[in-house]
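Engineer: Here you go, one structure.
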Amino acid sequence: MTAAPVCLVVSDIHGNIDALEAVLADATADGWTGVICLGDLVGYGAAPREVITRLRALAPEWSIRGNHDRVCAGLTSASLFSPVARAAIEWTRDQLTSDELALLATLSPGPLPFSTETLLCHGAPQDEDFYVLDPADARLAFAVQRARLCLHGHTHAQTVFRLNGPALLDETPARRTRCRIPLTPDSRWLVNPGSVGQPRDGDPRAAYAILDAGTMTIELRRVPYDISRAQARIRQAGLPDMLARRLEDGT
Ligand code: ZN
C-alpha cells in the first residue's frame, strides 16, 4: 500500500461526534486523501455509534486500536480501568451492534508501518498501553523507534519529542491554534496529535493534525466545538457526570 501524501491524523475520539465533526469541518480545505486513526474511537463519550459510522465512511486505511476499543471488543478485561472508565465502556458495549464490536476487534494493535519513515501506534512502539508523557518516557520509546517519525496517541495531550543525537528535546508547542513542524531528517520524532474527543492538556478544544508525508511536515491544530452538546449527550445517557465536566476544562 502506498502512503497517501497528505493525511488527516486523529486520535482518542472517544465517542465524541461533536468534536469529530468540528475537526472534519476545520480540515475540509486541506486536500488530505488519507486518514490515520491512532485509536480509542469509543469509551467516555456518548455517541460511539455515530463516531464509528463517520469513521467508516472516511475509510481510514491506517487504523490502530486503543485500549478502550480493545476492552470494548472484549479482547481484554476492564479490570485495570478506573470505575468511571469501566462504567463508560460497559455502557458503550451495550450500544454497539455485533458488527461494530467486530470492527473494533479487527483494528491493528500496532505498531503499524505507514511508510518507511513513519510508524503508527496507540501508546508507544514498545507497548500499546504505555503513556509517553515526558522526555523520560520518550527516551524509552526512542530506544525501539527506528523510523524518523512515530505518531501515537493515548495521553490525550498534543506533544512533540525529538531525539537529536544524544539530546532529547521537548518541542511541544505552547497553546496555539495551528503549529507547523518540519520533521527534519537529522532527528527522530515522536508526535502525539492530541485527543479529538477528550483533551487533557488544559486546552478543551478538539486536537488533531495534518501530516504531509511528502515534505515530512506535520501541522498540529486545535478547533473549538460545541462542548455543551457533547456534555448533554453524556448526561442524557446517564454516564458519570465527571465525563461531561472534564470536557470544558480539557483535563
Ligand atoms: Zn484514549
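The values are calculated or read from the model by the stated rules, or taken from the named source; none is laboratory data. Because the structure is a prediction, the values reported are computed rather than measured. So basically every Cβ, Gly included, is an ideal-geometry build from the backbone, and we count neighbours across all protein chains shown. For accessibility, only protein heavy atoms count, side chains too; no ligands or nucleic acids. Shrake-Rupley method; radii C 1.70, N 1.55, O 1.52, S 1.80 Å.
Engineer: Can you work out which of the residues in region 146-171 that are farther than 20 Å from residue 113 by Cα and either surrounded by 18 or more Cβ atoms within 10 Å (Cβ to Cβ) or hydrophobic (A, V, I, L, M, F, W, C) (or both) is nearest to the ligand (Cβ to nearest atom)?
Structural biologist: Step by step, filter region 146-171, then rank; the result is 156.
Engineer: Out of all the residues in region 127-134, is one or more in a strand (DSSP E or B) and buried (at least 18 other Cβ atoms within 10 Å of the Cβ)?
Structural biologist: no
Engineer: Within region 193-208, does at least one residue satisfy the condition of being among the aromatic types (Phe, Trp, Tyr), buried (at least 23 other Cβ atoms within 10 Å of the Cβ) and within 16 Å of the ligand (Cβ to nearest atom)?
Structural biologist: Yes, there is a match, as at least one residue in region 193-208 is among the aromatic types (Phe, Trp, Tyr), buried (at least 23 other Cβ atoms within 10 Å of the Cβ) and within 16 Å of the ligand (Cβ to nearest atom).
Engineer: For region 41-71, give me the residue count where each residue is touching a residue at least 60 places away in the same chain (Cβ under 8 Å), within 18 Å of residue 91 (Cβ to Cβ), open to solvent by 10 Å² or more (accessible area, probe 1.4 Å) and not aliphatic (A, V, I, L, M).
Structural biologist: 2
Engineer: Is there any pair with a first residue in region 72-86 that is of a type in the set (A, V, I, L, M) and a second that is crowded, with 16+ Cβ neighbours inside 10 Å whose Cβ atoms are under 7 Å apart and which are 6 or more apart or on different chains, and what are they?
Structural biologist: Final answer for the pair search is 73/101; 73/104; 78/71; 78/86; 78/89; 84/240; 84/243; 85/43.
Engineer: Can you report the number of residues in region 8-34 which are open to solvent by 10 Å² or more (accessible area, probe 1.4 Å) and of a type in the set (A, V, I, L, M, F, W, C)?
Structural biologist: Total satisfying the criteria: 6.
Engineer: Looking at residue 37 and the list (1) crowded, with 19+ Cβ neighbours inside 10 Å; (2) over 19 Å from residue 119 (Cα atoms); (3) within 16 Å of the ligand (Cβ to nearest atom), which single condition is not satisfied?
Structural biologist: Condition not satisfied by residue 37: (2).
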